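Student: I'd like to ask you about the structure that follows.
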Amino acid sequence: MPVIEWASDWVYATRATLRHLGGRWPEAEYTRGSGRAVLLIPGVYETWQFMRPIADRLVELGHPVHALDALGYNRRSIRDSASLGQAYLRKRDLTDVVIVAHSKGGLIGKHMMAVNDRERRVAKMVTVNTPFSGSPLARIAVGRTLREFRPAGETVRLLSKELEVNSRITSISSKQDPFVPPDTSLTGGENLRVPIVGHFRPLGNPEVIREVVSRV
């Protein structure tokens, strides 16, 4: 990954982190729309601010956008986070929901669809740069939060076997990502590779935003 693009990727991440320090999730501002409901699920160590460019465009188009404020910086296990997301949908009686996710958020969303969502509240998911087959880098990671992404990890292996929900998932991936292996394709799902470098920057890229919102 070129140095300039690598640096730009981290500049995006740093700005998103700093924006989060400005206040809590402005729920009333984002959930007022009358269109199809959207649930944002960001990646590990991320908040909804990483996905704000996508959220803002969805709100402009009339979609109520929900975020799991209780998720914090997304350090819980995938399983526990999926339970949290499903409880959110149930508490607010949301149906026909589209999950829009980034990275780890896509694994959480797939867990919801395949395991938790017995009431079929989730219609489909669009996710960006999700390591559906895990990431080899997780083998040398320190701490349980990142090691959960090991290709041989229990949750990654479980979700890899869950093929039925793949037809309701769109997986968008960068042409080059420092954290996610090149092959992130889902058997039976829609797999879209965009000519953008980086893990975080695609969330603010106009082309990626168009691809996401066109599938909601």
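Student: About its Cα centre, how strong a charge dipole does the chain have in debye, to the nearest 20, once Lys and Arg get +1 and Asp and Glu get -1 at the Cβ?
Tutor: Dipole size: approximately 380 debye.
Student: Can you tell me which of S160, S81, S173 moves the most in a GNM of the chain? Springs connect C-alpha atoms under 10 Å apart.
Tutor: S160
Student: Can you compute the equivalent ellipsoid semi-axes for the chain, i.e. the square root of 5 times each eigenvalue of the Cα gyration tensor, sorted largest first and rounded to whole Å?
Tutor: Working through the eigenvalues yields semi-axes of 23, 21, 17 Å.
Student: Using just the helices of the chain, give the 222 nm mean residue ellipticity in deg cm²/dmol: DSSP H runs with n ≥ 4 each add -39,500 (n - 2.57), and the total is spread over all residues, rounded to 500.
Tutor: -9500 deg cm²/dmol
Student: I need two numbers for segment 41-110: Rg to one decimal and Dmax as a whole number, Cα atoms only, in Å.
Tutor: Cα-based Rg and Dmax for segment 41-110 come out at 11.5, 33 Å.
Student: Turning to a different aspect of this structure: Relative contact order for the chain: what is it in percent, counting Cα pairs under 8 Å that are at least 6 residues apart?
Tutor: Relative contact order comes out at 21 percent.
Student: Leaving out ligands and nucleic acids, and using a 1.4 Å probe, what accessible area per residue does segment 152-216 come to in Å²?
Tutor: Averaged over the residues of segment 152-216, the accessible area is 49 Å².
Student: Could you give the size of the charge dipole of segment 31-143 about its Cα centre, using +1 on the Cβ of each K and R and -1 on the Cβ of each D and E, expressed in debye and rounded to the nearest 20?
Tutor: 220
Student: Where both partners of a DSSP beta bridge lie in segment 1-134, what percent of those bridges are antiparallel, to the nearest 5?
Tutor: If we restrict to bridges inside segment 1-134, about 0 percent are antiparallel.
Student: Using a 1.4 Å probe and ignoring any ligands, DNA or RNA, find the accessible area of I78 and quote it in Å² to the nearest 10.
Tutor: Its heavy atoms expose roughly 0 Å² to the probe.
Student: Pick from K175, K91, K124 the residue whose mean-square fluctuation is largest in a GNM of the chain, springs joining Cα atoms under 10 Å.
Tutor: Of K175, K91, K124, the Gaussian network model singles out K91 as fluctuating most.
The values are calculated or read from the model by the stated rules, or taken from the named source; none is laboratory data. Computed from a prediction, not measured in an experiment: that's the story for all the values here. Positions of Cβ are backbone-derived with ideal geometry, glycine not excepted, and every protein chain shown enters the neighbour counts. To get the accessible areas, we keep the full protein, side chains included, count just its heavy atoms, and leave off ligands, DNA and RNA. Shrake-Rupley method; radii C 1.70, N 1.55, O 1.52, S 1.80 Å.
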